Structure formats: C-alpha cells, structure tokens
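Here is the structure we will look at, set down as structure tokens.
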Amino acid sequence: MARRSGIFRRALRLAQALIGGERYPRVEIQCRTERFGSDYGGWDVAVDGLHAGSIVYSFGIGEDASFDLGLIQRFGLTVHGFDPTPRSLGWVERQRLPTEFIMHAYGIGERDGLVSFFPPHKPEHVSHSVLPPGSTRARPITVPLRRLASIMQELGHDHLDLLKLDIEGAEYAVIEDLERSDVRPAQILVEFHHRFPAVGFGKTRAALAALRRLEYRLFAVSPGGEEYGFVRC
C-alpha cells in the first residue's frame, strides 16, 4: 500500500494531538543517521557500524527499491530483498538491479508455511496484507512465509546488521516471534500499521514494549508516527 504523503501524515498527527488522540513515543537515543530512498520508500538509518560486509534483510519491496539501492551505493553491501507478491516480483524482474541486490520470492511471518495474502483495496496499490481489508471482494492469494530464524539458517547468516519490516500489519506477529527466538538484529526499521481499523495503537504499544524488553532503543520516528528505527544497546 502506498504510504500517505508526509504533509498529510503531519496534519493527521497534529490533529490527533489537538483532540487528545494517541501520543507517539519520543526518540530515546541519539545516533548518526542518514536517509536512504525516495519520499515514498525512504527510511532513516543509523549508519555507524554499517560497512561492505553488513548483512541487510529488507522485507516489503513493492515497486520501490530506492532504499535498498541507496544502501548498496553508500556502503557497497549486499541487500537481501523479500516480497512474495506477484506484482512486486514482476517489477523486480523488469529492473536492471545490481548483483548486490538479491531478491527472494517469500515473506516473513511468525511460522513457516503458506498463508493467505489479501489484495489492497485500491487496485493501483501493490502491497498485500495478512489482514483482511474488509471492503474488497477480491480473492486472497496464497504465498510462502518463513520465520526470521529459518531464513537466516537457510541463507547461512548467524547475525543481522539491519532488518527492515514494511509488511502491512504482519510486523506485530514477527516481533512476537523475535522475542521467542535468539535472533537480535543490530538495527530494526519497522512500519507499524496502527492506522488499520483491525489493529489500533494498542498493538503498536505492545510491540514497542516487547522491543524495549529486547534492549532496543528508539532513534527515529517519522512525522506521521508510523515508521520507527531501533538500535540495540
């Protein structure tokens, strides 16, 4: 699903504050950051410690790899991209991407197996979700998901330097699974989808608490209160 414009999200956040809506958490730790990617697909990244040998997993490519390409250009590292949706896979196949970008045709979940992915409400959008949209009659597709620990074992990685999660509501279950596992990425970037009616900010609050228990600290929050950056201290 396309992210809403920065102007709209800033206005929404201000309106929520004026009417006593949800209060978003503040940055807890100062890091040297740089922004990578387009206005649509960009993220603030804590750059200290990243280098050519860093291992990066980027879940949720859609039709915008500008974030991944920015990291590759800046550090010379390899990005493993993941997205099981057919439209995203087709888009990637049509691009002339560097060899440092490796695409995988599955996504991340709380368990290994096949799940139903529901199409977006607007057909011009690309991202599917494990959450039923409610207002569309389009049939879901079946896609493979794997646990983070399973993916790392398959790819032969014993650690992660950066994990990006833009996975349309599945991030909550993934963070719960992370707490059950021994995997501790050095940095996590995640888009929370509390704007979805079936989610709400309570689930985001619980996810933030889980990440704090895992010793992650917040270094960045987007103006709209949806994209968050964490480093492990």
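The values are calculated or read from the model by the stated rules, or taken from the named source; none is laboratory data. Here the structure is a predicted model, which is why all the values come from computation and not from measurement. All Cβ positions, glycine included, derive from the backbone under ideal geometry; neighbour counts span all protein chains shown. Side chains included, ligands, DNA and RNA excluded: accessible areas come from the protein's heavy atoms. Shrake-Rupley method; radii C 1.70, N 1.55, O 1.52, S 1.80 Å.
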Checked segment 62-114 for anything in contact with a helix residue (DSSP H, G or I) (Cβ under 6 Å, 6 or more places away or on another chain), open to solvent by 30 Å² or more (accessible area, probe 1.4 Å), under 23 Å from Asp44 (Cα atoms) and of a type in the set (A, V, I, L, M); matches are Met103
Any residue in segment 170-182 that's farther than 20 Å from Phe117 by Cα: show its pairings with residues that are not aliphatic (A, V, I, L, M) and not in a loop (DSSP other than H, G, I, E, B) at Cβ separation under 9 Å, as long as the two are six or more apart or on different chains.
Glu179/Arg213
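Would you mention how many residues in segment 207-233 are assigned to a strand (DSSP E or B) and either open to solvent by 40 Å² or more (accessible area, probe 1.4 Å) or touching a His at 6+ places or on another chain (Cβ under 6 Å) (or both)? Break it down stepwise before answering.
Taking segment 207-233 and keeping what is assigned to a strand (DSSP E or B), we get 216-221, 227-232.
Retained after the next criterion (residues that are either open to solvent by 40 Å² or more (accessible area, probe 1.4 Å) or touching a His at 6+ places or on another chain (Cβ under 6 Å) (or both)): 217, 232.
Looking only at that region, the number is 2.
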Do any strands (runs of 3 or more DSSP E) entirely within segment 140-206 hold 2 or more residues that are within 24 Å of Phe75 (Cα to Cα), and if so, which?
162-165, 187-191
Yes or no: Asp48 open to solvent by 10 Å² or more (accessible area, probe 1.4 Å) and touching a Cys at 6+ places or on another chain (Cβ under 9 Å)?
yes
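Going through Asp182, Asp177, Asp158 one at a time, which residue ends up being modelled with pLDDT of 95 or more and open to solvent by less than 50 Å² (accessible area, probe 1.4 Å)? Please lay out each step first, then the result.
Numbers: Asp182 fails: open to solvent by less than 50 Å² (accessible area, probe 1.4 Å); Asp158 fails: open to solvent by less than 50 Å² (accessible area, probe 1.4 Å).
Going through Asp182, Asp177, Asp158 in turn, just one is modelled with pLDDT of 95 or more and open to solvent by less than 50 Å² (accessible area, probe 1.4 Å): Asp177.
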Only unsatisfied item for Lys203, checking (1) under 20 Å from Gly37 (Cα atoms); (2) open to solvent by 10 Å² or more (accessible area, probe 1.4 Å); (3) touching a helix residue (DSSP H, G or I) at 6+ places or on another chain (Cβ under 7 Å), is (1)
Residues of segment 40-86 satisfying the condition of being touching a strand residue (DSSP E or B) at 6+ places or on another chain (Cβ under 9 Å), of a type in the set (Gly, Ala, Ser) and touching a residue at least 60 places away in the same chain (Cβ under 8 Å):
Ala46, Gly49, Ser54, Ser58, Gly60
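Scan segment 159-200 residue by residue and report those that are charged (D, E, K, R) and in contact with a Gly (Cβ under 6 Å, 6 or more places away or on another chain). So that I can check it myself, show each step before the final result.
Just the residues of segment 159-200 that are charged (D, E, K, R), to begin with: 161, 164, 166, 168, 171, 176-177, 179-180, 182, 184, 191, 195.
Hit for segment 159-200 is Asp166, nothing else.
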